[in-house]
Amino acid sequence: MTQFPAQSSVAAGPFSAWLRAMRRSLLGNEGMDVPCGDCVGCCVSGYSVQLRPEDHKAAARIPATFIVSAPGFTKGHLTVRPLSNGVCPMLDEGKCSIYSVRPQTCLDYDCRIFAAAGIDAGEGKDVINKRVHEWRFSYPERSDELEHAAVRAAATFIRDRRDSFTVRVPAGPMGIAVFAIKSYEVFLDAEISDKSDADVARAIIDAVRAFDSLQAG
Ligand code: SF4
Ligand code: SF4
């Protein structure tokens, strides 16, 4: 588990309320209300921004030269290619120039997911990681603490016990964090420590599938 060094802190809000919002966001296109302040970490970190068909207002404002089709995204979907320095071409003087119509991917992105999971955003994501280390959730109820501990435990298990799974599980930070958000309830079980790694891995996959079936439904 990453140990975050002592430094400035930024309020991330009550954990359980954030967790519910994130799970709703993963199920639809509700987006996340992130108190980013002056941070533009996700606009300068080399991400290709997915453009879905419903992002037509954003697509109309982005020069065609920056829009490419890329492997790894849903067929027919396009992406906005970052500049060679990793900066989104739509960032202008530190602000998103298409903020009011920015793509759903930008609305959904919430780097608190890494703080929730206790992992970094990955290599080359220094600006995002700085903010990840600064976020501080609050715990108004005991359940906030328990749920955060469960999300962290899920992320740690998914990252460190890959051999226990009989199906492929995400290896990248965002994929691990999303899996943990979908399956954290497995780690609320007081008897989890009595279970074998194989049983825990199966329970995680079942939980993720149950969550994804809500998405499909
Ligand atoms: S890195 Fe986090 S805080 Fe910074 S702009 Fe992106 S979502 Fe907001
Ligand atoms: S479209 Fe706007 S919000 Fe999205 S990455 Fe680019 S500058 Fe940032």
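The values are calculated or read from the model by the stated rules, or taken from the named source; none is laboratory data. This structure is a prediction, so every number in the text was calculated from the model and none was measured. Every residue, glycine as well, gets a Cβ built from its backbone with ideal geometry; the counts of neighbours run over all protein chains shown. These area figures cover heavy atoms from the full protein model, side chains too; ligands, DNA and RNA do not enter into them. Shrake-Rupley method; radii C 1.70, N 1.55, O 1.52, S 1.80 Å.
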Under 8 Å for C-alpha pairs, at least 6 residues apart: give me the relative contact order for the chain, rounded to a whole percent. 25
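With +1 assigned to the C-beta of every Lys and Arg and -1 to the C-beta of every Asp and Glu, and no other charges, what is the dipole magnitude of the chain about the Cα centre in debye, to the nearest 20? Show your work: numbers first, answer last.
Values: 25 positive and 27 negative charges, 132 e Å.
So the magnitude is around 640 debye.
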Hey, if we sort 148, 56, 133 by accessible area with the 1.4 Å probe, largest down, what's the order? 56, 133, 148
If the chain between residue 68 and residue 194 were fully stretched, how many nm would it gain, using 0.36 nm times the residue separation less the Cα-Cα distance? 40.4 nm
Loop-located GluC sites (Glu not before Pro) in the range 120-217 whose Cβ has at most 13 other Cβ within 10 Å (DSSP): 123, 141, 191
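Quantify, in whole percent, the carbon and sulfur part of the accessible surface of the chain (1.4 Å probe; protein heavy atoms only). Don't jump to the answer; show the numbers that get you there.
Details: 6180 of 11770 Å².
Carbon and sulfur: 52 percent of the exposed surface of the chain.
For the range 43-106, what does the relative contact order come out to in percent, with C-alpha contacts under 8 Å and a separation of six or more? The partial results should precede the final answer.
On the way: 89 pairs, mean separation 29.5, N = 64.
Here the relative contact order equals 46 percent.
Please compute, over every Cα-Cα pair in the chain, the percentage with a separation greater than 23 angstrom.
Working: 11772 of 23436 pairs.
Pairs farther apart than 23 Å: 50 percent.
Which net charge results when you count Lys and Arg as +1 and Asp and Glu as -1 among the other residues whose beta-carbon is under 12 Å from that of residue 170? List each step's numbers first, then the result.
Values: positive: 159, 162, 168, 182; negative: none.
Net of charged neighbours comes to +4.
Just the accessible area per residue of the chain, please: how many Å² with a 1.4 Å probe? Before the final figure, lay out each step's value.
Details: 11770 Å² over 217 residues.
On a per-residue basis, the chain sits at 54 Å².
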Sorting 51, 27 by accessible area (1.4 Å probe), largest first, what list results? 27, 51
Show me, for the range 166-171, the HN-Hα J-couplings you get by feeding each phi into the Karplus relation (A = 6.51, B = -1.76, C = 1.60, θ = phi - 60°), rounded to Hz, glycine and proline as x. 9, 10, 5, 10, x, 10
Would you calculate, for the chain, the mean residue ellipticity at 222 nm contributed by helices, counting each DSSP H stretch of 4 or more residues as -39,500 (n - 2.57) and dividing by all residues, to the nearest 500? -12500 deg cm²/dmol
Provide the solvent-accessible area of residue 178, counting protein heavy atoms only and rolling a 1.4 Å probe, rounded to the nearest 10 Å². 30
Stretched out fully, how many nm does the piece from residue 11 to residue 139 gain, at 0.36 nm a residue minus the Cα gap? 44.9 nm
